[in-house]
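Take a look at the structure set out below.
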Amino acid sequence: AKVILFPTIKIVPPKSWDDFDKFVKRLGEFDYMIFASPNAVKFFHRRCKELGIEAEFNSVKVVAVGKITASMCVENNIPVHITPYKSTSKGIMKKLNETDLKGKQFFIPKSAIARDELKLGIEEAGGIVHAADVYDVVISDKEEIKENIEDLLRQKPDVYVFTSPSTFENFLKIMNLTKPVEYFHGSHVATIGPTTKSAIEKSGVRVDIMPHEHSMDAVAKTLVDFYTSNR
């Protein structure tokens, strides 16, 4: 297959570190810390180094949303105690609800554009959530991806793969697409998981391909299976 990489987002530090710096210095007071993405782990580790803090996890149970996030934790000497059955906020909640969360203190280093689903779920179960931005997601500059845009305009792809709601929304903005249903007609659309699928379908665009496991490896395998069975 010919693959066109098309960066629609840039991962940058948050506008302010104030909340994170305050909470990370009290890490020992928390019962759980949740990493919902590899980027959260990366920026958590980077900021701790900048502050000269050696994070201790003796009394904190670390939750990693999926295999890639868990492996990023291990690379940065962060122990992982809990991984959900499914790599989603609902998957995390299902796993956490196996124990009593009432009065438990949670620290969530997160994206500045993260949805509140996980926070609200924990609070409904009686947990206390302290969330802090550790990175932000911004749209790619058109000049930086000029060659990528030209590649895309030369030949319309058979399938578009989106890995987050932001990648889809920013793609529409970069390509000035006001009628996404018309634009994607005749091509397949694949997503990494249900959150992205739901965001895309709200625009009226149909999602044809989504793996059961929400990882890029699973997306690749599902794409191969899809085109093999439909050849």
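The values are calculated or read from the model by the stated rules, or taken from the named source; none is laboratory data. Bear in mind the structure is a predicted one, so any value in this text is a computation, not a measurement. Neighbour counts run over all protein chains shown; Cβ positions are idealised from the backbone, glycine included. For the accessible areas, the whole protein counts, side chains as well, though only heavy atoms, and no ligand, DNA or RNA atoms are used. Shrake-Rupley method; radii C 1.70, N 1.55, O 1.52, S 1.80 Å.
Some observations on this one:
- The accessible area of Tyr227, taken with all protein chains in place and a 1.4 Å probe, comes to roughly 80 Å².
- In percent, rounded to a whole number, the relative contact order of the chain is 20, using alpha-carbon pairs under 8 Å and six or more apart.
- Carbon and sulfur %, accessible surface of the stretch 1-157 computed with the full protein complex present, 1.4 Å: 49 percent
- Simple rule: put +1 on each Lys or Arg Cβ and -1 on each Asp or Glu Cβ in the stretch 167-231, find the dipole, and look at Pro180, Met210, Phe226; the Cα lying farthest toward the positive end is Pro180.
- Separation of the His212 and Arg26 label points, Cα + 7 Å toward Cβ, nm: 4.3 nm
- Accessible solvent surface per residue of the chain, calculated while the other protein chains remain in place, 1.4 angstrom probe, Å²: 58 Å²
- Normalised contact order of the stretch 1-114, rounded percent, pairs of Cα under 8 Å and 6 or more residues apart: 31 percent
- In this Cβ point-charge picture (+1 for Lys and Arg, -1 for Asp and Glu), the stretch 132-206 has a dipole of about 420 debye about its Cα centre.
- Estimated distance in nm for a label pair at Ile149 and Thr228, the labels positioned 7 Å out from Cα along Cα-to-Cβ: 3.8 nm
- Computed from backbone phi, the HN-Hα couplings of the stretch 122-135 come to 5, 5, 5, 7, x, x, 10, 10, 10, 10, 9, 5, 10, 7 Hz, rounded to whole numbers (Karplus: 6.51 cos²θ - 1.76 cosθ + 1.60, θ = phi - 60°; Gly and Pro given as x).
- Debye, to nearest 20: dipole size of the chain, +1 on Lys, Arg Cβ, -1 on Asp, Glu Cβ: 300 debye
- Label zone of Lys90 (point 7 Å out along Cα→Cβ, amide N under 16 Å): in the stretch 162-199 this covers 192-199.
- Cα-based radius of gyration of the stretch 1-138 once divided by 2.2 N^0.38 Å, which approximates compact folds: 1.05
- For chymotrypsin sites (Phe, Trp or Tyr not before Pro), the sites in the stretch 1-105 that DSSP calls loop and that have at most 13 other Cβ atoms within 10 Å are Tyr85.
- Longest stretch of the chain clear of exposed loop sites (GluC sites (Glu not before Pro), DSSP loop, at most 12 other Cβ atoms within 10 Å, sites excluded): 145-231.
- For the stretch 73-204, the fraction of C-alpha pairs more than 21 angstrom apart is 55%.
- Segment Glu117-Lys67, extension gain: residue separation times 0.36 nm, minus the distance between their alpha carbons: 15.9 nm
- Listed residue (Thr83, Thr99, Ser140) projecting farthest to the positive dipole end of the stretch 76-144, Cβ model: Thr99
- Gap separating the Cα centres of the stretch 3-32 and the stretch 117-134, nearest whole Å: 15 Å
- Estimated inter-spin distance, Ala1 and Val159, nm [label 7 Å along Cα→Cβ]: 0.4 nm
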